[in-house]
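K.L.:
Can you keep this structure in mind? I'll have questions shortly.
A short reminder: the numbers here are calculations on the coordinates, not readings from a lab. Since we're looking at a predicted model, the values are computed, not measured. All Cβ positions, even for glycine, are placed from backbone atoms using ideal geometry, and neighbour counts span all protein chains on display.
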Amino acid sequence: MNLDWIHFYSGAVLLLILVGISQKRTPKRHIPIMISCFVLDLASVLYLEFTRDAVFEAYRRAPESIMQIHLFFAITTLVGYFVALPTGILLFKGRKHLRKFHKWNAMVFLIVRCGVFITSFWVHSKV
Ligand code: HEM
């Protein structure tokens, strides 16, 4: 296991996600917090790509099962964000029937985002 500041960053974003979810009944706070989490998570992926060649590294280590699990969690997290955005916007505009779907997506999202955080301690590159 290899620890560096990016884990603290990822853990801090995870805490912010929990804060955002705790504000789920107050869109004025919930929406900007969740969009900020999305931007912060994307920024960390871009940072890892530009400084540690993360995509190539993931491809190179794809046969490792921990990397496969990590990639599954990471890609599903991204899908979760891309589902949350439009359903959240439509929900805000009054399409209340989407609330259940938005909520289910949120539950899956939370599990896989925690999965990204936990597995990142084992797939982390030493470069
Ligand atoms: C991954 C990111 C997100 C997660 C995990 C999340 C999670 C949640 C959860 C758990 C609820 C409560 C659902 C319920 O109990 O019925 C909720 C409500 C809501 N979310 Fe999100 N959300 C996310 C992103 C967004 C975004 C990006 C937007 C808008 C652009 C948004 C807009 C809303 C709105 C409008 C509500 C309903 C608030 C109300 O009760 O009036 N969410 N969200």
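K.L.:
If you go through the stretch 25-44, how many residues are surrounded by 15 or more Cβ atoms within 10 Å (Cβ to Cβ) and among the aliphatic types (A, V, I, L, M)?
P.N.:
5
K.L.:
Please indicate, with yes or no, whether at least one residue in the stretch 87-102 is over 18 Å from His7 (Cβ atoms) and of a type in the set (Phe, Trp, Tyr). Talk me through it step by step, then tell me what you get.
P.N.:
Of all residues in the stretch 87-102, those over 18 Å from His7 (Cβ atoms) come to 87-102.
Keeping just the survivors that are of a type in the set (Phe, Trp, Tyr) gives 92, 101.
Yes - at least one qualifying residue is present in the stretch 87-102.
K.L.:
Just to be sure before I move on: is Ser120 surrounded by 14 or more Cβ atoms within 10 Å (Cβ to Cβ) and among the small types (Gly, Ala, Ser) in the structure I sent? Walk me through how you get there before you give the answer.
P.N.:
On the way: surrounded by 14 or more Cβ atoms within 10 Å (Cβ to Cβ): yes; among the small types (Gly, Ala, Ser): yes.
Against the criterion (surrounded by 14 or more Cβ atoms within 10 Å (Cβ to Cβ) and among the small types (Gly, Ala, Ser)), Ser120 qualifies.
K.L.:
Taking the stretch 4-55 on its own, how many of its residues are under 25 Å from Gly88 (Cβ atoms) and in a helix (DSSP H, G or I)? Give the derivation first.
P.N.:
Applying the first criterion (under 25 Å from Gly88 (Cβ atoms)) to the stretch 4-55 yields 9-46.
Next cut, in a helix (DSSP H, G or I) only: 9-22, 27-46.
The number of residues fulfilling the criteria is 34.
K.L.:
Which condition does Ser120 not pass, out of (1) touching a residue at least 40 places away in the same chain (Cβ under 8 Å); (2) more than 23 Å from Trp5 (Cβ to Cβ); (3) among the polar types (S, T, N, Q), if it passes all the others?
P.N.:
(2)
K.L.:
Using the structure shown, decide if Ile89 is among the β-branched types (Val, Ile, Thr), near the ligand (Cβ under 8 Å from one of its atoms) and part of a helix (DSSP H, G or I).
P.N.:
Spelling it out, Ile89 is indeed among the β-branched types (Val, Ile, Thr), near the ligand (Cβ under 8 Å from one of its atoms) and part of a helix (DSSP H, G or I).
K.L.:
Now, a different point. Mind listing whichever residues of the stretch 30-52 are touching a residue at least 24 places away in the same chain (Cβ under 8 Å) and over 20 Å from Leu14 (Cβ atoms)?
P.N.:
Answer for the stretch 30-52, where residues must be touching a residue at least 24 places away in the same chain (Cβ under 8 Å) and over 20 Å from Leu14 (Cβ atoms): just Arg52.
K.L.:
Just checking, does the stretch 60-79 include any residue being part of a helix (DSSP H, G or I), of a type outside the set (D, E, K, R) and more than 20 Å from Gly11 (Cα to Cα)?
P.N.:
yes
K.L.:
For the stretch 59-77, name all the residues that are more than 10 Å from the ligand (Cβ to nearest atom) and buried (at least 16 other Cβ atoms within 10 Å of the Cβ).
P.N.:
Result: Met67, Ile69, His70, Leu71, Phe73, Ala74, Thr76.
K.L.:
Sticking with this structure for a sec: In the stretch 53-104, how many residues are farther than 25 Å from Ala43 by Cβ and small (Gly, Ala, Ser)? Before the answer, list the steps.
P.N.:
First, the residues of the stretch 53-104 that are farther than 25 Å from Ala43 by Cβ: 63-65, 90-91, 93-101, 103-104.
Restricting the remaining residues to those that are small (Gly, Ala, Ser) gives 65, 94.
The total comes to 2.
K.L.:
Among Val112, Val55, which is loosely packed, with under 12 Cβ neighbours inside 10 Å and in contact with a helix residue (DSSP H, G or I) (Cβ under 7 Å, 6 or more places away or on another chain)?
P.N.:
Val55
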